[in-house]
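Down below is the structure, laid out as structure tokens.
Values in this text are rule-based calculations from the coordinates and carry no lab data. Everything numeric here is computed off the predicted structure, so don't read it as measured data. Quick reminder, even Gly has a Cβ in these numbers, built from the backbone with ideal geometry, and neighbours come from all protein chains shown.
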Amino acid sequence: MMARVIYIGAPEADAASFAARARSDFPGIELYATDGRGAVVEQLADAEAIIAHHFQFDDALVRHARRLRWIQSLTSGTDTIVQLPSLAPEVVITSTRGMHGPQMSELVFLQMLTLVRNFRRTLDNQRERRWERWPQPLLCGRTTVIVGVGAIAEALALRCQAFGMKVLGVSNSDRQPPGFGGIFTRRELRAAAGRADFLVLTVPLSEETENLVDERILSGMKPGAFLINVARGGVLDERALLDCLRAGRIAGAALDVFRQTPLPADDPLWAEERLIITPVLGGMSDVYLEQAYPLVKENIRHFLADRLDLMMNIVQRTGAWE
């Protein structure tokens, strides 16, 4: 009998589309595909593989899958999966690391341009039919410091270069990927933040990166600088950022990720005029399944051949800080 695979879809990677592709590529695959968690529990007893977004996993899901051997996250982030108490150490976890560069980079540029040009003011003027012009600040010549030099950072760095920007990175790794003019160590983060016109966070969340950017780092930024977080809410001290924005110590910020999601309606972040809030849009795209499927297909092939060691993007449970 072929191994049983569970697929939990989402609007950008729906179950019907995935099932059609997978059954065409792997005739006879024992696949249960659904867009919701409602009936999944009944299907988990014999499940050896679960494919889903990281936010769809919880401890109950893993606990009911007693024969589980493989988890494929449809996102690059896997911190919530790795931390599940009932997750057996022998379960292989893989991610879709490397596919989110285009959409993450485009969101960061939307945030950069909106912040530096105060585009909110332009939209307010249109709404009020007010003709107002002012010199438009350029991205060209500015410095972006990217904290966490992974695949997303590499994609962003190359796009920053195309806009005539200088790019620096902060990483525990010794490597210097394309597009970066220099790499700071983690211990040098405050100094790196002081060089930034844009401090962009793309670093994974771990014990080492919890509250990585706190009051000490924020106080080292230039008054005209901006902070952008598209990583995880936990890497940033949100209260320290709010205090910094209210005091005018930096020019503004954009957050796509938060400690609590959805962001509660009464959270004071909503009311901060210097802050742009987006509802975790960074990883999304209108071609998400097309982006993810080639990697997932390759991993399914290795899984069905019982060669989990050959899978792409295997997550190390105790990885490096980057």
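Brief remarks follow.
- Total formal charge among the other residues, if their Cβ is under 11 angstrom from that of THR80, Lys/Arg +1 and Asp/Glu -1: -2
- Label-point separation in nm, SER219 to ARG190, each point 7 Å along Cα→Cβ: 0.8
- P(r), alpha carbons of the stretch 101-277 - 10 Å bins starting at zero, rounded %: 10, 39, 37, 12, 2, 0
- Distant alpha-carbon pairs in the stretch 234-322 (separation over 16 angstrom), percent: 69
- Within the stretch 82-145, trypsin sites (Lys or Arg not before Pro) in DSSP loop having at most 16 other beta-carbon neighbours inside 10 Å: ARG117, ARG129, ARG130, ARG133
- Most fluctuating residue given options ILE93, ILE50, ILE217, as computed from a GNM of the chain linking Cα atoms under 10 Å: ILE217
- Cα-based radius of gyration of the chain once divided by 2.2 N^0.38 Å, which approximates compact folds: 1.08
- Within the stretch 182-248, all pairs of alpha-carbon atoms sorted by distance into 5 Å bins from zero give the percentages 4, 17, 31, 30, 14, 4, 0.
- Distance from the stretch 70-122 to the stretch 175-216 (C-alpha centre basis), Å: 17
- Centre-to-centre, using Cα atoms only, the stretch 4-43 and the stretch 272-322 are separated by 17 Å.
- With R₀ set to 45 Å, the beta-carbon distance separating LEU138 from GLN316 gives a calculated FRET efficiency near 0.65.
- Springs join every pair of Cα atoms under 10 Å in this Gaussian network model of the chain, and among ALA47, ALA254, ALA88 the largest mean-square fluctuation is at ALA88.
- Using a Gaussian network model of the chain in which every pair of alpha carbons under 10 angstrom is joined by a spring, one finds that among LEU158, LEU201, LEU168 the greatest mean-square fluctuation is at LEU158.
- Calculated [θ] (222 nm, deg cm²/dmol) that DSSP helices of n ≥ 4 give over the chain, each run adding -39,500 (n - 2.57): -8500 deg cm²/dmol
- Rel. contact order, % - alpha carbon contacts under 8 angstrom, at least six apart, the chain: 15
- Beta bridges by DSSP in the stretch 184-322, antiparallel share as percent, to the nearest 5: 0
- Estimated distance in nm for a label pair at ALA247 and ARG66, the labels positioned 7 Å out from Cα along Cα-to-Cβ: 5.7
- Share antiparallel - DSSP beta bridges, the chain, percent rounded to 5: 5
- If the chain linking LEU158 and THR122 were pulled fully straight, counting 0.36 nm for each residue of separation and taking away their Cα-Cα distance, it would gain 10.1 nm.
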